[in-house]
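The values are calculated or read from the model by the stated rules, or taken from the named source; none is laboratory data. Everything numeric in this text was worked out from a predicted model, so none of it was measured. Neighbour counts are summed over all protein chains in view; Cβ atoms, including those assigned to glycine, are modelled from backbone coordinates with ideal geometry. To get the accessible areas, we keep the full protein, side chains included, count just its heavy atoms, and leave off ligands, DNA and RNA. Shrake-Rupley method; radii C 1.70, N 1.55, O 1.52, S 1.80 Å.
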Amino acid sequence: MRDFLVAGNWKMNGNSTANAELVAGIVAGVPEGSGFSLLVCPPFPYLASVVAQAQGSAVKVGAQNVSEHESGAFTGEVAPGMLGDIGCDYVIVGHSERRAMYGETSAQVAAKFQAAQAAGITPILCVGETLAEREAGTTEMVIDEQLDAVLGTAGVDAFATAVIAYEPVWAIGTGMTATPEQAQDVHAHIRGRLAEQSAGIAAGVQILYGGSMKGENAAGLLTQRDIDGGLIGGASLKAEDFLAIANAAAQAK
Ligand code: PGA
C-alpha cells in the first residue's frame, strides 16, 4: 500500500518569524502513527533555516521551483544540486502558476524534473486542467500532454522516485475543491496512463490532490483509492489547518 504525503506549498508567503512559528507548530503537532509523511515547501530564502529547524523531526523540506541547468550563467536561478546541498528532499515542478505566469512549457518542466532527479531530489510533478479545458471536455487530453512530456524524456521508470500532483487550476486558491469523485477519476486516469508502460511503477507512485484542500474536505478526498495525499496552498500557512489535513491522512490509513 502507498503511504500518504501531505505537502504544504507556501508559495510567496511568510517571513523569518512567521515561518519559525509555523514550523514549530507543525513539528509539535505531527500526528502519531505511520503511513504518512509531512513536507513543507517554503520560498528559497527560508529553505536552509527551515531545514535546520525541521531536523530530527518527521517534517521534510522541499523547494517550489528549480533550474533545469546544473550550474553556470543563469542569473536568478537555483540549481538542483544547491537544493540537495542545503538538505532539501523534494521540489515542486510545473506548478500551474509557473506554467501560466512564467510561461513554463511541458518540455521545460520535463527538463526540470530530470535535473532534480539527477541531483537526488524527488520532483513533485504538477498537472491539471483549467476550467475552460474541463468544460470543453479536454481534461484528460491536457493531463496526458503534461504527463507524456515527462514520460517521453525521463521514461516511466523515473516515476519510481517521483510524485505527481493533480491540481485542477480552477480549484487552486478558489475555495472550489474538486469533488472526491472528480479527483478520483483523474487520479485513476493518471495511474492508468503510467500502467500502460509499467504496472509496477503505476501501482507505487504517489498521486497527490491539490486545490482548496482543507481539514473539512481532506477525509473525503484521502479515502479515494488513487489519492495518496495533498499539495496544499492556503491551508498550509497555519499549523492548525495543515495539521488537520495531516490528521485526516493519519486516520485514513
Ligand atoms: P490551494 O493551493 O490549496 O491554496 O488551492 C494549492 C496549490 O496551488 O498547490
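Details
- Solvent exposure ordering (accessible area, 1.4 Å, most first) of MET82, MET12: MET12, MET82
- Cα centroid of the stretch 33-78 to Cα centroid of the stretch 83-148, whole Å: 16
- Share of carbon and sulfur in the accessible area of the stretch 149-253 stands at 51%, probe radius 1.4 Å.
- Along the chain, counting only GluC sites (Glu not before Pro) with a DSSP assignment other than H, G, I, E or B and at most 16 other Cβ atoms inside a 10 Å radius, the longest segment between sites is 78-195.
- Relative contact order (percent, whole number), the stretch 171-253, Cα cutoff 8 Å, 6+ residue spacing: 32
- Cα-centre dipole for the chain with unit charges at Cβ (Lys and Arg positive, Asp and Glu negative), debye to 20: 440
- Given the chain, longest segment not containing exposed loop chymotrypsin sites (Phe, Trp or Tyr not before Pro) (DSSP; at most 13 other Cβ within 10 Å): 103-253
- Kyte-Doolittle mean at least 1.0 and Cα axial length at least 27 Å: DSSP H helices in the chain: none
- Accessible surface computed residue by residue for the chain, with neighbouring protein chains in place and a 1.4 Å probe, gives 42 Å² per residue.
- Fluctuation leader among GLY152, GLY94, GLY72 - the chain, Gaussian network, Cα springs under 10 angstrom: GLY72
- Only helices enter the 222 nm calculation for the chain: every DSSP H run of n ≥ 4 contributes -39,500 (n - 2.57), and dividing by all residues gives -13000 deg cm²/dmol, rounded to 500.
- Anchor LYS11: aspartates and glutamates whose Cα lies under 20 Å away (excluding residues fewer than 8 positions away in-chain): GLU21, GLU68, GLU77, ASP89, GLU97, GLU104, GLU129, GLU167, GLU240, ASP241
- Along the axis of the charge dipole computed for the stretch 67-106 (Cβ charges of +1 for Lys and Arg, -1 for Asp and Glu, origin at the Cα centre), the listed residues ALA73, TYR102, ILE92 are led at the positive end by TYR102.
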